[in-house]
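> Here's a structure for you.
The values are calculated or read from the model by the stated rules, or taken from the named source; none is laboratory data. The shown structure was predicted, so the numbers you read here are calculated from the model rather than taken from an experiment. For neighbour counting, all protein chains shown are included, and Cβ atoms are generated from backbone atoms with ideal geometry for every residue, glycine included.
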Amino acid sequence: MIVRALKWVGGVDGFLELVDQRLLPTKFGKLQCRDIEQLYEAIKTLAVRGAPAIGVAAAYGLVLGMQELNTGDSAEQGLQVLGRSCEYLASSRPTAVNLFWALERVRRKAEEFVASRADVTVAALQGVVLREANAIRQEDVDMCRCIGLNGQKFIKDGFGVLTHCNAGALATAGQGTALSVMFEAHKKGRKFRVYADETRPLLQGARLTAWELQQAGIDVTVICDNMAGWLMKQGRINAVMTGADRIAANGDAANKIGTYSLSILAGKHGIPFYIAAPSSTFDLSIKSGDEIPIEQRAADEVRNFAGVQTAPVGVDVCNPAFDVTEGRDISAIITERGVIENPNIDNVTEHFRSGRA
């Protein structure tokens with residue numbers, strides 16, 4: 001079973017239903033976001049997470065934002081509300097580029113619609129926003145399957161595959177990015193074991209990735225983050241496969257904190273390190289990972305977990321949510337339209353120029 005992380009219910013006056021990932025794995029519950037403030041909070045508190053899923057959710061968030069309009073309002077007023085909604089949702093999390101990509105895409109489509117005809121009604125404008133959000137969701141579903149098909153060849157029979165954080169169905173509108181590769185390899189009958197890092201401080205690997213793989217019938221073992229190097233030395237890891245939240249023009253990739261360490265360990269042990277991510281995760285406006293903003297999250301995420309104190313009260317905490325893996329330490333980036341081997345500025349540029357991405 002592959003879970004569906006989010007869906008829109010109803011028409012322009014509908015709502016967004018999310019799997020509340022804060023509850024997993026002990027409880028499976030859903031959250032209904034009926035206004036833009038609820039969705040902002042869901043993104044901020046990681047009820048919905050993962051770069052592609054955040055992008056899709058944000059697109060639907062603009063539909064929620066437009067619900068404040070009245071039938072007598074003008075198209076210009078509609079665009080103003082849309083613009084404010086974009087700015088509001090863009091402030092929820094700074095690193096995942098899909099968030100900004102989706103918001104800009106919907107806004108641009110709405111502006112083009114208003115500019116292309118006279119006497120645009122609010123209802124028509126709301127319909128355009130919803131259709132574009134639906135299109136983004138469907139493209140994400142298709143993208144996930146293509147990433148899996150393009151990457152499954154990298155997982156062989158008998159492999160041990162290490163993954164970090166969660167890049168599965170819970171992180172997308174489809175079947176995931178890094179986990180999609182595993183799902184497709186599994187469909188082909190290959191036998192392999194996935195080692196899922198716990199992923200401190202919020203345990204997305206232990207709570208979410210292990211749950212997803214178990215539901216799909218894939219052999220999965222949870223390990224603490226600091227066990228990965230030892231398993232590599234023992235020969236139990238044959239490949240590392242993660243997702244990404246933003247990729248620079250030179251192939252440097254931001255992903256959940258701890259990914260950089262795995263790339264260095266993999267290089268030390270001669271293990272291929274793969275990233276699976278959609279083309280929308282690339283931010284070609286930035287030259288390298290040095291320009292990627294890194295979200296700093298609340299200290300209490302480290303001081304406490306699930307209501308239990310795990311560090312002294314008031315102790316200083318450093319809690320960056322992401323780190324950056326350099327392109328030179330990545331064996332390949334798997335996208336929905338192909339594979340970028342040995343990513344660097346030239347290979348990434350060629351990948352986009354050739355129309356493969």
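> Across segment 203-224, what is the number of residues that are closer than 19 Å to R49 by Cα and assigned to a loop (DSSP other than H, G, I, E, B)?
Here the count works out to 1.
> Can you name the residue in segment 257-279 that is buried (at least 22 other Cβ atoms within 10 Å of the Cβ) and among the small types (G, A, S) and, of all such residues, is nearest to N319 (Cα to Cα)?
Here the residue is S263.
> If you take just the strands (runs of 3 or more DSSP E) that sit entirely in segment 1-70, which of them hold at least 3 residues that are crowded, with 19+ Cβ neighbours inside 10 Å and assigned by TED's automatic domain parsing to the domain that holds L103?
15-19
> Sticking with this one: Do we find that S331 is outside the structural domain of W101 (by TED's automatic domain parsing) and closer than 26 Å to D142 by Cβ in this structure?
So S331 fits the description; yes.
> Here's a follow-up. Please tell me if M241 is at pLDDT 95 or above, more than 17 Å from A167 (Cβ to Cβ) and crowded, with 21+ Cβ neighbours inside 10 Å.
Here the answer is no, as M241 does not meet what is asked.
> Tell me the residue from A51, A102 that is within 30 Å of D119 (Cα to Cα), under 19 Å from the mean Cα position of the chain (by Cα) and touching a residue at least 24 places away in the same chain (Cβ under 8 Å), please.
Within the list A51, A102, the selection yields A102.
> Now for a different question. Filter segment 246-256 down to the residues that are touching a Lys or Arg at 6+ places or on another chain (Cβ under 8 Å) and under 18 Å from C165 (Cα atoms), then identify the one that is surrounded by the most Cβ atoms within 10 Å (Cβ to Cβ).
So the residue we want is A253.
This table checks each residue for (1) among the small types (G, A, S); (2) within 17 Å of the chain's Cα centre (by Cα); (3) assigned by TED's automatic domain parsing to the domain that holds N98; (4) not in a helix (DSSP H, G or I).
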| position | (1), (2), (3), (4) |
| --- | --- |
| R137 | no, yes, yes, no |
| D142 | no, yes, yes, no |
| V161 | no, no, no, yes |
| S180 | yes, yes, no, no |
| P201 | no, no, no, yes |
| N226 | no, no, no, no |
| G235 | yes, no, no, yes |
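> So which of T209, T221, T177 ends up being crowded, with 18+ Cβ neighbours inside 10 Å, in contact (Cβ under 8 Å) with a residue 24 or more places away in the chain, within 24 Å of F305 (Cα to Cα) and not aliphatic (A, V, I, L, M)?
T209 is the lone residue from the list that is crowded, with 18+ Cβ neighbours inside 10 Å, in contact (Cβ under 8 Å) with a residue 24 or more places away in the chain, within 24 Å of F305 (Cα to Cα) and not aliphatic (A, V, I, L, M).
> I would also like to ask the following. Grab the strands (runs of 3 or more DSSP E) fully contained in segment 276-357, keeping just those with 1 or more residues being out of contact with any strand residue (DSSP E or B) (no Cβ under 6 Å at 6 or more places or on another chain), among the polar types (S, T, N, Q) and touching a residue at least 12 places away in the same chain (Cβ under 8 Å).
Fully inside segment 276-357 and qualifying: 332-335.
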